[in-house]
Each structure stands twice: as structure tokens, then as C-alpha cells.
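The block underneath contains the structure these notes are about, expressed in C-alpha cells.
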Amino acid sequence: MKFEEHFSPLSVLNVGVLAERSSIEAKEKQDRDGTNFEFGQADGDGVPPLVSALKASGRQNAAKIGNHFSPEGPIPEAQKQAAKLFGASETWFLVGGDFEFRFESKWSKILDLEEAISQMNVIHVAGTNEKGSNLAIRLLASEAQSTLCNFTQKVSIICRILIMGTCSPGDYLIHPRNSHKSAISSLVLSGAIPKYIIPEYSYDWDIPDGVMPSQVENAIKELEKESKKAAAVFVPSPTYHGVCSKLSEISEVCHNHGIPLIVDEAHGAHFGFSDQLPYSALQQGADLVLQSTHKVLCSLTQSSMLHLSTKTSVDRERISMCLQSLQTTSPNNLLLASLDAARAQLNENPKTIFNEAINLATETIYLLKNIPGISVLDSSSFPNFQTRDPLRLTLGFWQLGLSGYQANDILHQDLMVICELVGSRSLTFAFNLGTCREQIQRLVSAIQQEC
């Protein structure tokens, strides 16, 4: 079967010919289609040629692909095919959204932080008897005020959808302190109360590890002692550095207590598509899973997927309502089509598609481990977390007397090698389907020069 045959009808957007369509062809298509007065459909001499070409390939025509919230036609078909591939009961395509934060004074009149503070006046930290004060929350809110003052901020919405779809005001959410910042703001928007878990930490690397099942169990029991119950458990896995929590065990703990498990699998959309990769969160029993499809798979930036497990008690209708409340009402069809294209690419060879990338990453690690002064993050770095993403490479430079920032300056400015993430003691590099041998040779050569 050819690659194109894996596409759903969403491929009517014809994303494969974007680079070839000229502005002249766009003008000819506009003449054929007639005059368009829809928002976002401006064309002609007043539009840059490249933008005109992109619009010609991804024209926002609801009659062709349906409505994003009550879809009819290609959109639900594409989502059904994605759900089948990823093993979900339902999959939603997400293409970003807008959320306004306007602070007109010390405390917002639109998003009332003072009221939020009164609802969150106790912060629970798992494993301790400490209770945070209003002052701590005021400081957090003050920081948000100074950061978001007097402008409209675009924010990541997926975490908000998941948390608001499972937690009501006054409910408790168990999650580690290294969760994405959108999970923190979701607590304010939902009115939920955090029950924090402190993740294990590697001081050698200055990065957090994963979450232990025992930590989740302890957090649940501490709430039970106060006659309280968590509405959900939220775990990011894998971490940015590829460290994976023991999700199958965490899932068992959660479900034994009747609590849904939400997994932020933003960096693990490729999991489960090779025997050499970790199992996916859905395969390990998670109820709701968010994936940033654009990170390792090949969809466009800002596009992502949300998966609902086939075995969950989570209210599907509530999740759907949160999607409608928080998603943009003007989705970009190019982003939607890129999600379907990424799904089709995986569907072609789902068990072997990442083999070459994994082999290149393994070869790179072997070469770098033989360079004196370079530390390579591996399973021995985290004894309690043996499962790692083989497509993430994290290097330490402290034996050379260099911080991660100093090493990055040398690699980037002098040797033109760009990493994915800079840390105080390390650099992280991401391998994907586009990584080639020439790139890893250049990386190894650059590291050798730095040493």
C-alpha cells in the first residue's frame, strides 16, 4: 500500500504540494472559486506570495472538511483513524487556542486572583505536614501579574482541558512540582487544589527524575486521612530529558482508588511504535493522554492530539465541552492536515518507522561515551528509573569545567550545532525521523573539538 493511501479525506488539503504551488496558481484557483469574503481568506496582490500559496493549499473552507467542534466528514474520519492507530477510544485533534489575561491593576478584575487565592489558601505537599501560606500564593500570583501585565497571552490549552475536564472547584489534583506551567495555571482556572509530589532529583545533572508509584500512593493516603479524595492524578512522562515514570504501576495505584490518571506525554508521541521504544501511556493504563505530535512526529508546530482510553470512567462529554470552551473557534486547516499526515506516516510502518533513528541515536551515544570529559545520561544516572527514551541524548560537561550554557555557546556560535534544551549542567539533543548520519557525524565532531 502506498503512503498516500493511508490518508483520510482530510488530505483534500493536499499538504504535500505546498512547496510547489505558486502564487500564480493561487490566483487562478481564486478566480475559479469565486470571490471570498470570509475571515482569513484575503488573497491577491495585497498578500505575500508565500502566504497566498499556503492559503491556496490550506484554504479554510468549512464546507469541505466540516466544523471543528461538531465535525462532519474528513475531520472525524481522520480522528477515528488516529484513535485506531494509537489504541484510544477517541482522539481529538488540537491546534491551539487563545486565552486572555489582562491585568488592569495589582489584582486582575477579569481573572480574580484574590478570589483564586482565597480558594487555594492551603497548598498540600505530599510527604510532609507543611501547609503553604497565602503569602506563597500571593508571590506566585504576583509573578504571574508581572509576567502577563497588559497584553494578551497565548497559552497551551491541553493541560487545562484535561484538568478542567476532571476537576471541579475544591477538588484535589495530585501532581509533581515539575509539571508544565499550564498545569499550574489550570489549578487557578478550574479552582482545583494541588496536592504536590516532590519528584526525585539528580543533583549531578541538576534535573528532576520521574514519579514513583509509592509517592502517588502516599499522596492518596494522606488525603484520605483528611477525609478527602483526589479527583485525578497528573504525571508528566517522559520528562524533557526522556526519563520515564513507572506508569503501569502508577495506573494500578490510581485505579485501585477509583482515580483517573492523566499523563502529559508531550515528548512521547512516538512511544509504542517500536520494540526498542517504551510502551505508550495508553498501553500502560492511563485514562487521558496528551501528546505534542509536533515534537517527535512530523506535524506542524502547535498541533497535538488528545487520547481517551478505551477503559476509563472519565466523562467523555465533559472533556468535549472543555474542548469547545477552550479551543480556538478558527482552527488552521494546515495544522489539522499535518496531524493526519503524521498519522498516515506512522500507519505505513508502525513497528519499524523509528528503527533508523534509534540506531543512529545508539551509535551516537557509543561514540560520545568514548570522548574523555563527556558524561552521557543513561539508565545508570537514575537507578529508580530504568526506562528512558532512546531518542533523547543528554550530555554533561562539568568534567571539562563547563556549564551547559558555556558548552552551548561554543557548540552554537563556534561550531553551528544547535541543541534542543540547555540546562545548567547539560545539553539535550532530540533525534527524530529526519535525523541523518551526516548530522550525528557533525555533532560528534563538534563535541570532540570542544574537548
Does at least one position in the range 189-201 carry a residue that is touching a Cys at 6+ places or on another chain (Cβ under 6 Å), among the hydroxyl-bearing types (Ser, Thr, Tyr) and under 29 Å from Leu326 (Cα atoms)? yes
Got at least one residue in the range 193-208 being buried (at least 24 other Cβ atoms within 10 Å of the Cβ), within 30 Å of Thr293 (Cβ to Cβ) and either in contact with a Phe, Trp or Tyr (Cβ under 7 Å, 6 or more places away or on another chain) or among the small types (Gly, Ala, Ser) (or both)? no
Is it the case that Thr328 is within 16 Å of the chain's Cα centre (by Cα), surrounded by fewer than 21 Cβ atoms within 10 Å (Cβ to Cβ), assigned to a loop (DSSP other than H, G, I, E, B) and hydroxyl-bearing (Ser, Thr, Tyr)? no
Across the range 405-422, what is the number of residues that are more than 23 Å from the chain's Cα centre (by Cα) and either crowded, with 16+ Cβ neighbours inside 10 Å or of a type outside the set (Phe, Trp, Tyr) (or both)? 12
Is it fair to say Ser190 is among the hydroxyl-bearing types (Ser, Thr, Tyr) and within 17 Å of Tyr279 (Cα to Cα)? no
Of the residues in the range 364-404 that are surrounded by fewer than 14 Cβ atoms within 10 Å (Cβ to Cβ) and not in a loop (DSSP other than H, G, I, E, B), the one that is nearest to the chain's Cα centre (by Cα) is Ser379
The residue that is surrounded by the fewest Cβ atoms within 10 Å (Cβ to Cβ), considering only those in the range 294-325 that are part of a helix (DSSP H, G or I) and in contact with a Gly (Cβ under 6 Å, 6 or more places away or on another chain), is Arg318
Residues of the range 248-287 being assigned to a loop (DSSP other than H, G, I, E, B) and among the polar types (S, T, N, Q), which ones? Ser274, Gln276, Ser280, Gln283, Gln284
Checked Leu223, Leu247 against criteria (in contact (Cβ under 8 Å) with a residue 24 or more places away in the chain, over 22 Å from Ser182 (Cα atoms) and in the same structural domain as Glu200 (by TED's automatic domain parsing)); the one match is Leu223
Quick check: anything in the range 276-286 closer than 20 Å to Leu433 by Cα, surrounded by fewer than 21 Cβ atoms within 10 Å (Cβ to Cβ), touching a Lys or Arg at 6+ places or on another chain (Cβ under 8 Å) and not charged (D, E, K, R)? no
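The values are calculated or read from the model by the stated rules, or taken from the named source; none is laboratory data. Everything numeric here is computed off the predicted structure, so don't read it as measured data. Positions of Cβ are backbone-derived with ideal geometry, glycine not excepted, and every protein chain shown enters the neighbour counts.
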